[in-house]
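Since the structure comes first, as structure tokens, the remarks are kept for the end.
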Amino acid sequence: MQRSPASPRHSPSITPKRDAVVPIDLLFGSLDSSIGTIVVACRGSAACAIEFVPYENRMRAELRARFPHFRRVDTSDPGGVCSRLRTYLQGQFDALDDIAIDAGGTPFQHKVWAELRRIRSGTVVTYGELAKRLGIPNAVREVGHANALNAINIVVPCHRVVGANGSLAGYSGGIERKAWLLQHEGVAVKKLNGRSFTLVRPRIPAWP
């Protein structure tokens, strides 16, 4: 009788190796200020996030959403940004002008944040004026939302945007810090009842 050919041996299944995920190093540092400790995170020399200590957990969660595998590297002066912030806090307001940023976000948000950086220290604009400057006067709500999502406080100066009536609208770092930053830059601000603030001269000049 002819034997049937032997069944071929089957090699055990091999699960292909996944490419190893290389974590991104983010440099972290901090500095003390009159409005609390400020935490800075940079990717190389570019600022990714600047936040106040009470909101550091929120900052880390936002960074983790952008960089799921980032590795925190603590350093004294990430990207030189802490030094620049100290100089700003000492009164040299142009010290932040040429800091590189890596903010994430959408192209629309990039456009809003770039325009925020054009607002000179010691001046303020309304959300409506900012929308007009961007060429989208009917998108005040969208501009306000992009402003609120700014993760790079002080360097991207969302604190320089106020309500149409001169009131100091919300600020992710706390309204008291917004008032302090404006006063530090020479904007006259007064406190109302409770925790509300407004400009001393609520009539806001046209965009320079």
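The values are calculated or read from the model by the stated rules, or taken from the named source; none is laboratory data. Fair warning: this is a prediction, and the values are worked out from it, not measured in the lab. For neighbour counting, all protein chains shown are included, and Cβ atoms are generated from backbone atoms with ideal geometry for every residue, glycine included.
Miscellaneous remarks
Rundown of residues vs (1) surrounded by fewer than 17 Cβ atoms within 10 Å (Cβ to Cβ); (2) not in a loop (DSSP other than H, G, I, E, B), yes/no style:
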{"residue": "122", "(1), (2)": "yes, no"}
{"residue": "138", "(1), (2)": "yes, no"}
{"residue": "165", "(1), (2)": "yes, no"}
{"residue": "169", "(1), (2)": "no, no"}
{"residue": "176", "(1), (2)": "yes, yes"}
{"residue": "180", "(1), (2)": "no, yes"}
{"residue": "187", "(1), (2)": "no, no"}
{"residue": "193", "(1), (2)": "yes, no"}
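- Inside the range 60-93, residues that are surrounded by 18 or more Cβ atoms within 10 Å (Cβ to Cβ) and aliphatic (A, V, I, L, M) make up a count of 4.
- Against the numbered list (1) out of contact with any Asp or Glu (no Cβ under 9 Å at 6 or more places or on another chain); (2) closer than 22 Å to residue 45 by Cα; (3) at pLDDT below 95, residue 116 comes up short only at (3).
- Among residues that are touching a residue at least 40 places away in the same chain (Cβ under 8 Å), touching an Asp or Glu at 6+ places or on another chain (Cβ under 9 Å) and assigned to a helix (DSSP H, G or I), residue 55 is not included.
- Screening the range 40-59 for residues that are of a type in the set (Gly, Ala, Ser) and buried (at least 22 other Cβ atoms within 10 Å of the Cβ) and picking the one that is farthest from residue 83 (Cα to Cα) gives 49.
- Residue count for the range 76-95, restricted to those that are touching a strand residue (DSSP E or B) at 6+ places or on another chain (Cβ under 7 Å) and more than 19 Å from residue 36 (Cα to Cα): 1
- Flag if residue 94 is at pLDDT below 95, acidic (Asp, Glu) and either farther than 19 Å from residue 177 by Cβ or part of a helix (DSSP H, G or I) (or both): no
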